[in-house]
Amino acid sequence: MARQDRTFHVSDEVQARLKRIRLVRRWTVAECAGRASMSAATLSSIESGKAVPSEDQLLGLASALGYERAFLSAKRDLGPTSRPWLRAYADASKREADARTALASLAVEYIRALNFKPLPDLLGPLRGDLDDAECIEEAAAEVRQLAGIESDGVVLNAIRAGERLGCLVLPLESEMGRHLGMSVRSDGLPVLCVAKAGIPGDRQRFTVAHEIGHLALHGDAAPPRDAAESSAMERQANQFAAAFLGPGDALVSTLEEVSGGRVTLTALAGVKAVWGISIKGLVGRFKSLGVISATQAESLYKQISARRWTKVEPVEVRTEAAQWFQRSLTLDVGTDDVGQACRAASARIGANASDLVSFVDWSDTNAEVVTLSARRSRVKQGDGHATR
Amino acid sequence: MLNRLAMNSLPAIVERRLQGVVTLLDEGLQARVHAIHEARRTDRAFRRPFTASPLLRALLCDLLGDLGSSVVRVDELGNGGCEVVMFDDGVERRFRLKLASRDQYGRLVVTASSDSILTTAPRPPELFDPPEFNSASTIEQWVLAYRLQSETSTFMEVSAGRVVGTVNDRPPYRLLLDDLVAFAVTPPTPPSFRGSEDDLDLGEEEGLGNEEAS
């Protein structure tokens, strides 16, 4: 009986793991099966638990996916991955959402396999009436405090704040359309994914804060029942992000210093330089704080649009990068070379170095800082490892 | 036929002061033009034809009320318009605020319904006029011509031009302008947000990073 239980459990984990890596690669069942020299029906049966893979099939799949058999069949007893919160969820295709959710789960699996110890998870679910804007303001203030930010202090690095709250922050290659970010809980670990380059830093910061909002406000909430509920939750996460990045009193105080309280585009640019919040975002924030009327906000939005600031705003805000996973890796392996650390760590657990690089590489795609060695590693491991 | 007056260029110090005036108006419009939109939305009286321009002119004149200087004066005109008057080196320059457009050749077009702008009679001294105001020996008539963004009713461009005559003999008169000076209306912005790389302190001594190590 014990043997049967173990076999079932391992198979269950293997099925989920195979499917997860396939989804990260964005391969269809047929495409993956073809690479592993098996029929699509067979792979489908394996993934759905109707069949247990033979040793040969497992080896074929491991080879196709770029992993050692040991990694695929390891017993880790990981907890489930929650439904993803996707910024601009309505625009997310299922394939993209699945790929990103699988990516987050796989990253957590690497962390468990490597025995890394994440920072303490401080994002316990917050209680209160989320339709009450005041309640969200209070929640944001509380989370700021947990992240070690003064009540009137600027969030100098939003990603670092997320990491201090215990989040694993993963880079996305780009926003891919309007998918600005994503968050899940996988095996209990809060995970944020955000575009690492090619976007204004203020948008990246807001996305991080928005996802922290989902994790803090909706951590234990049931999935939304309909579009209206989904959009209400998005609105709550936006309100949280605005309050997290710009606490009301301090923001108004800066406005007073910059322009004597008058809200002009120049004044907003000055406030942006202090707080790292987009000019457009500040208009919304000052409106919600009652500093300006809806009509004035509308007028300012039109002025922003007329100056074509909806595309590129003045006042540069640089994009941020996560630190915890990369630093844990290099400390663990004992090298500052991220590519080398990824290769050594993935070899130790039979994993894929390119996948590991994709979890920790925040360098600009065009800059090729880490990816030069990573590319060599990819070449060694064969084709089709769609980490990019 | 061209009706011409005498010519003179704008001194640098006056240009700098005028840039200050333009910035004040530009930012004032950004902050307050919504009040016009609100008025037009809430009361049909303000949606009647030809009401937008006087409302905007009134707003600009009100914004100029914030100017206070011994070398700048604001005169309100009988038609609801206003003039910024500057004094420098014995010359009084009157800058009348006028809505402008561009013609098919890209030339600035400023019109006036009467030729009063061509007449530069001295204004009778007032009780609180600073002494410089009474020492002007020459009076020049200029326009401070602004074009508006149609969607926002904020400045698209602002130029000063000296009125040297009219292009035509009948109203509306198209003003003949010389010594055109363009002013910046896009606000200068601070360079960047100074974030921080902010270290997580995952030093080996703390044993963070690997569970076995701790």
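Tabulated data for the structure shown
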| read-out | value |
| --- | --- |
| In degrees, nearest ten, helix A:227-245 long axis to first principal axis of chain A (Cα) | 70 |
| DSSP-defined antiparallel bridges as percent of all bridges, chain A, nearest 5 | 65 |
| Partners for A:K50 among aspartates and glutamates (Cα-Cα distance below 17 Å; same-chain residues under 8 apart left out) | A:D5, A:D12, A:E13 |
| Helix A:324-333 vs. chain A, principal-axis angle (Cα, 0 to 90°, nearest 10) | 40 |
| Förster radius 25 Å - calculated FRET efficiency between B:E126 and B:A35 (Cβ-Cβ, nearest 0.05) | 0.25 |
| Sites B:S137 and B:T51, calculated FRET efficiency, Cβ-Cβ separation with R0 35 Å, nearest 0.05 | 0.30 |
| Folded to 0 to 90 degrees: helix A:371-380 orientation relative to chain A principal axis, Cα | 20 |
| Estimated FRET transfer efficiency when R0 is 56 angstrom, pair B:D178-A:R318 (beta carbons, to 0.05) | 0.75 |
| The protein assembly as shown: calculated mean residue ellipticity at 222 nm from DSSP helix runs of at least 4, using -39500 (n - 2.57) | -13500 deg cm²/dmol |
| Given A:K196/A:K302; A:K19/A:K272; A:K94/A:K280; A:K287/A:K311, the pairs whose alpha carbons are separated by over 32 Å | A:K19/A:K272 |
| Spacing of the two label points (7 Å from each Cα toward its C-beta) at A:E138 and A:D12, in nm | 4.0 |
| Estimated inter-spin distance, B:S114 and B:R170, nm [label 7 Å along Cα→Cβ] | 2.0 |
| Over segment A:1-75, relative contact order from alpha-carbon pairs under 8 Å, at least 6 apart, % | 36 |
| Stretch gain in nm, segment A:S230-A:S293, where the contour uses 0.36 nm per residue and the Cα spacing is subtracted | 20.0 nm |
| Longest to shortest principal axis, alpha-carbon extents of the protein assembly as shown, angstrom | 110, 50, 47 |
| Dipole of segment A:1-75, positive direction: furthest Cα of A:L61, A:V24, A:L72, with charges on the beta-carbon | A:V24 |
| Whole-number percent relative contact order across chain A, with pairs defined as alpha carbons under 8 Å at least 6 apart | 17 |
| Partners for A:K117 among lysines (Cα-Cα distance below 21 Å; same-chain residues under 8 apart left out) | A:K75 |
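Only the coordinates and a few stated rules stand behind these numbers; no lab work does. Values in this document were obtained by computation on a predicted structure and should not be read as measured data. Using ideal geometry, Cβ is built from the backbone for each residue, glycine included, and neighbour counts are taken over all protein chains shown.
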